[in-house]
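Worksheet for the structure shown next.
The values are calculated or read from the model by the stated rules, or taken from the named source; none is laboratory data. Bear in mind the structure is a predicted one, so any value in this text is a computation, not a measurement. As a convention, Cβ positions derive from the backbone with ideal geometry for all residues, glycine included, and neighbour counts pool all protein chains shown. Areas reflect the complete protein model, heavy atoms only, side chains present, ligands, DNA and RNA absent. Shrake-Rupley method; radii C 1.70, N 1.55, O 1.52, S 1.80 Å.
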Amino acid sequence: MSSDCDIVAQWLSEARSAVTFTGAGISTESGIPDFRSPGGVWSRTQPVYYDDFLNSADSRLEYWRQKSESHVDFSDASPNIAHQALARWEAGRQMRGIITQNIDGLHQIAGSQSVLELHGTAREIGCLDCNSRFDADLMVTQFNETGEVPVCPHCSGLLKHATISFGQSLDETVLREAIGWCRDADLFLAMGSSLVVQPAAGLPTLARESGARLVIINREPTPLDHIADMVLHAGIGETIAAIEKAMIGAS
Ligand code: NAD
Ligand code: ZN
């Protein structure tokens, strides 16, 4: 694996507009379960669809119950070696930014500033009527204490985590910017994503078709492995550490 990491380090040092794409797999080493691995979220709960959230008080209660359960995973988690290395690469100008499917906010906590959150953030709650934002910790604590689904203190509107639920459209502005980054990218590193959820899974393909080198780092095979210039089937932390070590060694 180390010679493969040397090659990726070389590509990264040559890149002018590298983009990283991250999925839940980058945060498993921070203790946050992913969705599709054994023991992942989908083996335990059924998600609440957006329409059901809008139309049924029971669904809203179930949504808040699930979200307060998973909130503990987020609030206790810290960035790991991979989040930290990506933040350093942005500061060192090797990286234009990160497009993430994650909702855990760990890239920003690690210090990354250029982050496009395709699926929003679980660290905030949004009012669906007046768009006010609230800190998720406070609202979740309130829900845990009262067992009642909170409503917007400003307009009594429905409150939901600022994440994209199943059946809800992505934010057009964020998606458009992500597409622009993919078109301009000369190196695209996809890591910790099963690359099966659309439209996010289409972004590595777009970058590759627009001329970027595509590197996939994932423990398991993905449907896009056959179009990648390099596939590393390994843990993300150890792989990123090896790439960073090779970059430092070569400089
Ligand atoms: P996924 O669960 O579908 O896939 C994760 C992939 O990462 C799997 O293929 C797994 O083999 C791999 N993986 C896990 N840990 C790894 C490690 N340490 N090293 C290397 N590979 C590892 O995740 P996804 O593709 O991001 O899609 C699921 C959706 O779930 C996303 O839309 C995201 O919004 C949401 N989600 C987010 C979080 C989070 O924010 N941390 C957690 C769970 C789910
Ligand atoms: Zn409101």
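Would you confirm whether any residue within the range 91-98 is assigned to a helix (DSSP H, G or I) and touching a residue at least 60 places away in the same chain (Cβ under 8 Å)? Give the steps one after another, and end with the answer.
From the range 91-98, those assigned to a helix (DSSP H, G or I) are 91; that's our starting set.
Narrowing further to those that are touching a residue at least 60 places away in the same chain (Cβ under 8 Å): none.
Checked the range 91-98: no residue is assigned to a helix (DSSP H, G or I) and touching a residue at least 60 places away in the same chain (Cβ under 8 Å).
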task: Report yes if P199 is out of contact with any helix residue (DSSP H, G or I) (no Cβ under 6 Å at 6 or more places or on another chain), open to solvent by less than 10 Å² (accessible area, probe 1.4 Å) and either within 16 Å of ligand 1 (Cβ to nearest atom) or assigned to a helix (DSSP H, G or I) (or both), otherwise no.
output: no
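Among the residues of the range 138-188, write down those that are within 16 Å of ligand 1 (Cβ to nearest atom) and exposed (fewer than 14 other Cβ atoms within 10 Å of the Cβ). Working first, answer last.
If we filter the range 138-188 for residues that are within 16 Å of ligand 1 (Cβ to nearest atom), which is where we start, we get 140, 160-171, 174-175, 178, 188.
Those that are within 16 Å of ligand 1 (Cβ to nearest atom) and exposed (fewer than 14 other Cβ atoms within 10 Å of the Cβ): F166, G167, S169.
Applying the selection to the range 124-151, what residues are of a type in the set (V, I, T) and in a helix (DSSP H, G or I)?
In the first step, residues of the range 124-151 are kept if they are of a type in the set (V, I, T); the result is 125, 140-141, 146, 149, 151.
Matches in the range 124-151: V140, T141, T146.
Pick out the one residue from F134, F74 that is surrounded by 14 or more Cβ atoms within 10 Å (Cβ to Cβ), within 16 Å of ligand 2 (Cβ to nearest atom) and among the aromatic types (F, W, Y). Spell out the reasoning first.
On the way: F74 fails: within 16 Å of ligand 2 (Cβ to nearest atom).
Criteria check complete, one pass: F134.
Of a type outside the set (A, V, I, L, M, F, W, C), part of a helix (DSSP H, G or I), open to solvent by 40 Å² or more (accessible area, probe 1.4 Å) and at pLDDT below 95: which single residue out of S68, S13 fits that description?
Details: S68 fails: open to solvent by 40 Å² or more (accessible area, probe 1.4 Å).
Just a single option satisfies the conditions, and that option is S13.
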message: I'd like the full set of residues that are farther than 18 Å from W11 by Cβ and open to solvent by less than 40 Å² (accessible area, probe 1.4 Å), limited to the range 207-235.
response: T222, G235
